[in-house]
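First the structure, in the form of structure tokens, and then the observations on it.
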Amino acid sequence: LAQVLGSSPLKSWQDLQRRLFSRTMVGHPGRLLLVVGSLSLLVVKLGDHDAFSAPSRGQSAGTSPRWGLRAQGARQPHRSSAAAGAAVSSGAVIDMPPLWTITLQGLGLLGAMVGVIAATLGKAAAIKGLVGIAGMYVIMSVNEYVVHRYYQHLGWNKTGLNKWLRRTFGFKNMKTSGHMEHHAETLDDMSLDIKPEPILDNDPFRGTAFSWSVSAQMTLEIALQSYPWLWLCGWSWTASTAALAISMLLHAAVWQTLHPAMHGLPDPGIGYGVPGWSMAWLRKTRYFRFLCGNHEGHHRVPGAHGNYNVCFPLADHIFGTYKGYVPAEAPAAA
């Protein structure tokens, strides 16, 4: 904390207040306005929706809303008994907030962090922080996109480069990691029609959560990109390592809190990976409601080609694969 807020250790809470609201900061009102304005942006209507949470196994699908869904009394398709208690009707819709509200809140959070850095460490450090943090977000979003599209959905097998490698050097196609099977057993209402599937049967969360070993592999992948970038931005080794750890923990926490629950599964415990309850307090926010609607669109769009970002939206917009919210198909008339 001393490295973040100043060259000398903080002595007390009053010392922190003195540094944040010192004469230097008041002498530069733009810094203070940046902090106050950004924090205000974050709290305006941040939680004006009903809470949503992981469904309990004993609740009726027609009476209990999940993830902001409003059930319309549609007839349930066939599913396994394990998923039946957690399902929501296939005619449900979700109140997905507009993209611009999520964008503004993200920019507000970035502005708040940069404002605090500017107020405590100065303009030069704020510029380094702004470029470094923004770059880390881009790295996380693009990696999430590439892994989801080209590894989990086997998009690599369809690329021209892979076809050339197979033809020239006899390379083999990439094999499924279990993600395609996860899509195959996901119904239109996001519940799971669980059937015997060897690649998923040994996983209690059936490919919807990250184990500690998977998180470690992802951390190595991001580290190979984040350290060079933050070094170019002038960050120290310590600061770069802290940024990497925070980014990976945030990504895993959001994923674990969001993904298993929206498919009717319980939150992963700490013995499996980053616990799913770690960000349950954010389930009221527009951010989580947007992520849920965005991921439902991924499952429902033809061929699952779109909305590849799950936790860090951006790359879908860069590569033109953002599809927005795709409502469930209306049930066939009896």
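Conditions first: (1) over 19 Å from Glu144 (Cα atoms); (2) assigned to a helix (DSSP H, G or I); (3) among the acidic types (Asp, Glu). Asp316 passes all but one, so which condition is the exception?
Only one criterion in (1) over 19 Å from Glu144 (Cα atoms); (2) assigned to a helix (DSSP H, G or I); (3) among the acidic types (Asp, Glu) is unmet by Asp316, namely (1).
Of the conditions (1) surrounded by 13 or more Cβ atoms within 10 Å (Cβ to Cβ); (2) over 30 Å from Ile94 (Cβ atoms); (3) in contact with a Lys or Arg (Cβ under 8 Å, 6 or more places away or on another chain), Lys172 satisfies every one except a single condition; which number is it?
Going through the list (1) surrounded by 13 or more Cβ atoms within 10 Å (Cβ to Cβ); (2) over 30 Å from Ile94 (Cβ atoms); (3) in contact with a Lys or Arg (Cβ under 8 Å, 6 or more places away or on another chain), Lys172 breaks only (1).
Counting only residues that are farther than 21 Å from Leu192 by Cα and of a type in the set (Ser, Thr, Tyr), which one in the stretch 264-289 is modelled with the lowest pLDDT?
Thr285
To keep it simple, each residue is scored yes or no on (1) open to solvent by 20 Å² or more (accessible area, probe 1.4 Å); (2) under 26 Å from Gly324 (Cβ atoms); (3) among the aliphatic types (A, V, I, L, M).
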position: His251; (1), (2), (3): no, yes, no
position: Gln256; (1), (2), (3): no, yes, no
position: Met262; (1), (2), (3): no, yes, yes
position: Gly269; (1), (2), (3): yes, no, no
position: Trp277; (1), (2), (3): yes, no, no
position: Arg283; (1), (2), (3): no, yes, no
position: Phe288; (1), (2), (3): no, yes, no
position: Gly293; (1), (2), (3): no, yes, no
position: Arg300; (1), (2), (3): yes, yes, no
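One line per residue, one yes/no per condition, for (1) at pLDDT below 85; (2) open to solvent by less than 20 Å² (accessible area, probe 1.4 Å); (3) in contact with a helix residue (DSSP H, G or I) (Cβ under 7 Å, 6 or more places away or on another chain); (4) of a type outside the set (S, T, N, Q):
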{"position": "Val88", "(1), (2), (3), (4)": "yes, yes, no, yes"}
{"position": "Ile94", "(1), (2), (3), (4)": "yes, yes, yes, yes"}
{"position": "Ala118", "(1), (2), (3), (4)": "yes, yes, yes, yes"}
{"position": "Gly132", "(1), (2), (3), (4)": "no, yes, yes, yes"}
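Just for the stretch 107-116: of the residues that are of a type outside the set (Gly, Ala, Ser) and crowded, with 18+ Cβ neighbours inside 10 Å, which one is nearest to the chain's Cα centre (by Cα)? Before the answer, list the steps.
Kept after step one, since they are of a type outside the set (Gly, Ala, Ser), are these residues of the stretch 107-116: 107, 109-110, 113-114, 116.
Next, from what is left, pick out any that are crowded, with 18+ Cβ neighbours inside 10 Å: 114, 116.
Working: Val114: 22, Val116: 25 Å.
Looking at residues that are of a type outside the set (Gly, Ala, Ser) and crowded, with 18+ Cβ neighbours inside 10 Å, I get Val114.
The values are calculated or read from the model by the stated rules, or taken from the named source; none is laboratory data. It should be emphasised that the depicted structure is a prediction, and the values quoted were computed from it without experimental measurement. Because the Cβ atoms are built from the backbone with ideal geometry, glycine has one as well, and the counts that use them run over all protein chains shown. Ligands, DNA and RNA are stripped out before the accessible areas are found, and what is left, the full protein with its side chains, is counted by its heavy atoms. Shrake-Rupley method; radii C 1.70, N 1.55, O 1.52, S 1.80 Å.
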